[in-house]
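These notes concern the structure reproduced below.
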Amino acid sequence: MLDRVITISREFGSGGRELGMKLSEKLEIPFYDKELISLTAQETNMSVTEFLNYYESIPVTEQSLEPPLYTSFSPLYEIPISDQVFLAQSRVIKSLAEKGPCIIVGRCADRVLEDSINLFIYAGIEHRIERIISLNKDLDPQLVENKIRETDRKRKDYYQYYTGCEWGKAQNYHLCLDSGLAGVEGCYQAVLSYLGHCI
């Protein structure tokens with residue numbers, strides 16, 4: 001039986017969330033993705049709406065004209081809210097891991113936890129555009145591509161800022177899978193096979 005947390009990092013539109021849900025159902029363990037938003041908002045005593053203003057963002061740079069924002073929801077008053085949100089999110093992730101095996105998507109969980117099985121799901125830009133449009137045919141391909149590139153850039157910057165590691169670099173994960181080549185189902189079967197040798 002699986003006794004470790006599985007983390008899934010993913011390029012936008014690669015199907016990482018879908019893969020996580022399939023694994024959760026198969027392995028009969030909890031799945032956390034957007035659920036972490038409400039859990040961390042509770043941890044910080046912020047409303048979900050307020051929390052989302054700082055979620056998965058990094059503090060402003062020195063070059064910015066805007067000063068960093070601070071809050072008193074923790075005793076570390078001098079720490080920007082975005083940093084406090086990351087720390088709170090990390091506490092939630094560790095707390096969930098202590099309860100037993102589960103699947104956590106994104107949120108730098110692969111670096112927050114020390115003994116997790118870490119996956120990275122990626123695909124070529126064309127495959128990701130096609131996949132997103134297949135789920136919503138009213139979307140404009142160019143707008144979809146812009147959204148993919150912007151989201152990936154934010155995820156890369158966020159991951160680099162808070163972990164000091166390179167997002168998507170194979171050495172940072174146990175298994176990297178191209179869903180554009182194998183599809184989500186192919187990735188799912190490959191992960192199950194991999195897990196069979198890990199437990």
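Read the figures in this text as sums done on the coordinates, not as results from a lab. The model shown is predicted, which means the values in this text are computed figures rather than measured ones. Glycine gets a Cβ as well: all are built from the backbone with ideal geometry, and neighbour counts include every protein chain shown.
Under 24 Å from the Cα of K154, which lysines turn up, not counting those fewer than eight places away in the same chain?
K34, K94, K169
222 nm [θ] for the chain, helices only, -39500 (n - 2.57) per DSSP H run of 4+, per residue, to 500?
Taken over the chain, the calculation gives -16000 deg cm²/dmol.
Does anything in region 101-132 have its amide N under 17 Å from the 7 Å Cα→Cβ label point of H197, and if so which residues?
117-120
Based on Cα coordinates alone, diagonalise the gyration tensor for region 110-199, multiply each eigenvalue by 5, take square roots, and list the semi-axes in whole Å, largest first.
26, 20, 9
List the residues whose amide H sits under 5 Å from the amide H of F12, counting only those 5 or more places along or on another chain, with H placed 1.01 Å from N in the peptide plane.
D152
Arrange the following residues from fewest to most other Cβ atoms within 10 Å of their Cβ: E126, E98.
E98, E126
Which of the aspartates and glutamates could a cross-linker span from K26 if the Cα-Cα distance has to be under 19 Å and same-chain partners fewer than 8 positions apart are dropped?
D3, E18, E185
Compute the projected area of the convex hull of the Cα atoms of region 6-196, averaged over all viewing directions, and report it in nm² to one decimal place.
12.1
Could you work out the Rg to Rh ratio of region 77-139, with Rh taken as the Kirkwood radius (inverse of the mean 1/r over all Cα pairs)?
Rg/Rh for region 77-139 comes to 1.14.
Hand me the trypsin sites (Lys or Arg not before Pro) from region 98-199 located in a DSSP loop with no more than 11 other Cβ atoms within 10 Å, in residue order please.
In loop regions of region 98-199 (DSSP not H, G, I, E or B), the sparsely surrounded trypsin sites (Lys or Arg not before Pro) are K99, K137, K169.
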